[in-house]
1. For the pair residue 164 and residue 63, how long in nm is the line joining their label points, each one 7 Å along Cα→Cβ?
2. Taking R0 as 22 Å, what's the FRET efficiency between residue 129 and residue 79 from their Cβ-Cβ distance, rounded to 0.05?
3. Based solely on its DSSP helices, what 222 nm [θ] is calculated for the chain when runs of n ≥ 4 H residues each add -39,500 (n - 2.57) and the sum is averaged over all residues, nearest 500 deg cm²/dmol?
4. So I have (i) 37.6, 121; (ii) 16.4, 46; (iii) 20.7, 74, and one of them is Rg and Dmax of the Cα atoms in Å calculated from this model. Which one is it?
5. Taking 0.36 nm per residue of sequence separation and subtracting the Cα-Cα distance, how much length would be gained by fully extending the chain between residue 34 and residue 203, in nm to one decimal?
6. Any chance you could check the Cα centroid distance between region 183-206 and region 1-66 for me, in angstrom?
7. If I model a spin label at residue 51 and residue 211 as a point 7 Å from the Cα along the Cα→Cβ vector, what separation in nanometres do I get?
8. Using a simple spin-label model with points 7 Å from Cα along the Cα→Cβ vector, what separation in nm is obtained for residue 25 and residue 175?
C-alpha cells in the first residue's frame, strides 16, 4: 500500500529543484563561461574596429585593387611576349617589335610597383593599426577555440549531473497525487522559485520571507495546500 502524501514531501522536491538550479547557475556563470563571454565581446569589438578602420581607407583598397588588376594583366602580357621571343623563326623586325613591347610593359610594371609603394606609404599608419587589430583578433580567435572546447566539456559533465537530478525529480513528482502535480506545474509556470518551505522563526514564510500574522498563519493552515498569500509557496 502506498504511503499517504504529505505536504512535507514537497520539501524533498524543493531540495532537488535547488540542486538543479545550482547546477544550471554553474553552467551559465562558471569561470570558463564568463571568460568565453568576455572573449566573444572582445571578438565583436575588434571586428567592428577593423571594419571602421578599413572603411576609413576604402579608397586605398579600391586603388590597390586597380593596381593589382593592372599588374596581373601586364604580367601576363610579358609572359606571352617572352613566349613569342623564344620562337627561332622570328625575323629581325618582329624580334625588335616584341622586345620593345616587353620593355614597355616591364616599365609599366615598374611604375605600378612604385605607385603601389607610394600608396602603401601614404596609408602606413592606418595599415599598421589594422595589422595590429588583426593580430589581436587572431589571438582572440585562438583563445575562443580553446575556451569553447573547455566549456563544451564542462557542459557535458554538467548535463550528465542534471540528467540524474531531473530523473530523480520526475520519479518523485510521478508519485504525487495528480492535483499536487498540477499545483506544482502552476506555481512553476507563474515563476515561483521556492514552491515549498518550512515556516521560519518569527512566523516568516520560508518561501518568500514575508512576516505573517497569527491570523494569516491560521488561514494558511486551514487551506488544503497551505499556500502563502503573498508568493503562493506552500508553507509546511
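Derivation of every value follows stated rules applied to the coordinates shown; laboratory data play no part. On a predicted model such as this, the values are computed, not experimentally measured, just so you know. Every residue, glycine among them, receives a Cβ derived from its backbone with ideal geometry; neighbour counts consider all protein chains shown.
1. Output for this residue pair reads 6.7 nm.
2. Using R0 = 22 Å, I get an efficiency of 0.05.
3. Calculated from helices alone, the mean residue ellipticity at 222 nm is -27000 deg cm²/dmol.
4. (i)
5. Residue separation times 0.36 nm, minus the Cα-Cα distance, leaves 56.9 nm.
6. Cα centres, region 183-206 to region 1-66: 29 Å.
7. Between residue 51 and residue 211, the label points sit 5.5 nm apart.
8. 2.7 nm
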